[in-house]
Amino acid sequence: MSNAISLFTQRRTQYALGKNLPLSEDQVDALIREAIRLAPSSFNSQSSRAVILFGAQHEKLWNITRETLRAVVPPENFAPTDAKMTAFAAGAGSVLFFEDQDVIKELQEKFPLYADNFPVFSEHSAGMAQFAVWTALAEAGIGASLQHYGPLIDAEVAATWGVPAHWKMRAQMPFGSNAQPFGDKTFIADDVRFKTFR
């Protein structure tokens with residue numbers, strides 16, 4: 001098995017998070033930054049942006065999300081949502097992933113022939129940045145999951161952490177120590193997913 005595939009097998013969704021990171025916060029911060037820095041982007045646009053939260057700031061994110069959802073989820077159905085927010089907040093930190101819309105607009109103006117494609121290319125860049133960070137965290141023994149609570153929380157997140165208006169949030173990644181082992185991962189049949197021609 002190649003080194004890359006071996007790393008990919010370590011990247012799993014972890015909902016049972018703890019606060020006991022195997023690295024210092026500074027080391028985790030540097031790891032996240034380097035993973036995003038090295039993730040590919042079309043035209044080398046480097047459109048991905050991130051807000052990295054630790055400790056009380058991380059917990060504040062999931063309290064914001066909890067209260068935002070409380071306003072839209074019926075009270076009789078809120079218990080599972082509340083439990084999810086508590087589980088995310090139990091981690092050590094979160095990465096908020098954004099794409100810089102000013103970069104996309106600049107590329108659209110510079111290369112009008114591809115203008116309609118740049119928002120799509122940006123989504124590709126976002127996904128690769130997320131995968132790069134998730135894999136890097138997993139290799140370091142840090143659990144994580146990928147969440148999508150935008151646009152519901154976007155305005156309050158922007159106001160709380162001074163996020164520029166031209167940064168569009170694409171995902172949130174709570175992370176922390178692995179508080180439970182991973183279950184078995186199953187895969188659909190190859191003939192459903194792949195076609196090879198020689």
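The values are calculated or read from the model by the stated rules, or taken from the named source; none is laboratory data. Bear in mind the structure is a predicted one, so any value in this text is a computation, not a measurement. Note that each Cβ is placed from the backbone with ideal geometry, even for glycine, and that neighbours are counted across all protein chains shown. We work out accessible area using only protein heavy atoms, side chains counted, and drop any ligands, DNA or RNA first. Shrake-Rupley method; radii C 1.70, N 1.55, O 1.52, S 1.80 Å.
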Lysine pairs with alpha-carbon atoms under 30 Å apart, the chain, spacing 8 or more or separate chains: 11
Span-like helix ranges in the chain, DSSP H, alpha carbon extent 27 angstrom or more, Kyte mean at least 0.0: 118-139
Cα Rg over Rh - the range 1-88, Kirkwood: 1.06
Listed residues Glu139, Glu99 arranged by accessible area, highest first, probe 1.4 Å: Glu139, Glu99
Low-density loop positions, trypsin sites (Lys or Arg not before Pro), the range 111-193 - DSSP coil, at most 11 other Cβ in 10 Å: Lys185
Dipole magnitude of the range 1-80 about its Cα centre (Cβ charges: Lys, Arg +1; Asp, Glu -1), debye to nearest 20: 160 debye
Residues of the range 1-149: accessible area per residue with a 1.4 Å probe, Å²: 52 Å²
Intensity falloff of the range 94-195 expressed as log10 I(q)/I(0), Debye formula with alpha-carbon point scatterers, at q = 0.17, 0.18 Å⁻¹: -0.95, -1.01
Portion, in percent, of the accessible area of the chain that falls on carbon or sulfur, probe 1.4 Å: 54 percent
Other-chain or far-sequence residues with amide H under 5 Å of Gly93's (modelled H): Phe175
Size of electric dipole in the chain: Cβ of Lys, Arg +1 and of Asp, Glu -1, about Cα centre, debye, nearest 20: 380 debye
FRET efficiency for Val192 and Lys110, using Cβ-Cβ distance with R0 set to 35 Å, rounded to 0.05: 0.30
Helical contribution to [θ] at 222 nm, DSSP H n ≥ 4, -39,500 (n - 2.57), averaged over the chain, rounded to 500: -14500 deg cm²/dmol
Label assignment, Kirkwood radius over Cα pairs in Å derived from the structure, set [x] 18.2; [y] 17.1; [z] 17.6: [x]
Where Thr160, Thr186, Thr86 fall by accessible area, highest first, once all protein chains stay in place (1.4 Å): Thr186, Thr86, Thr160
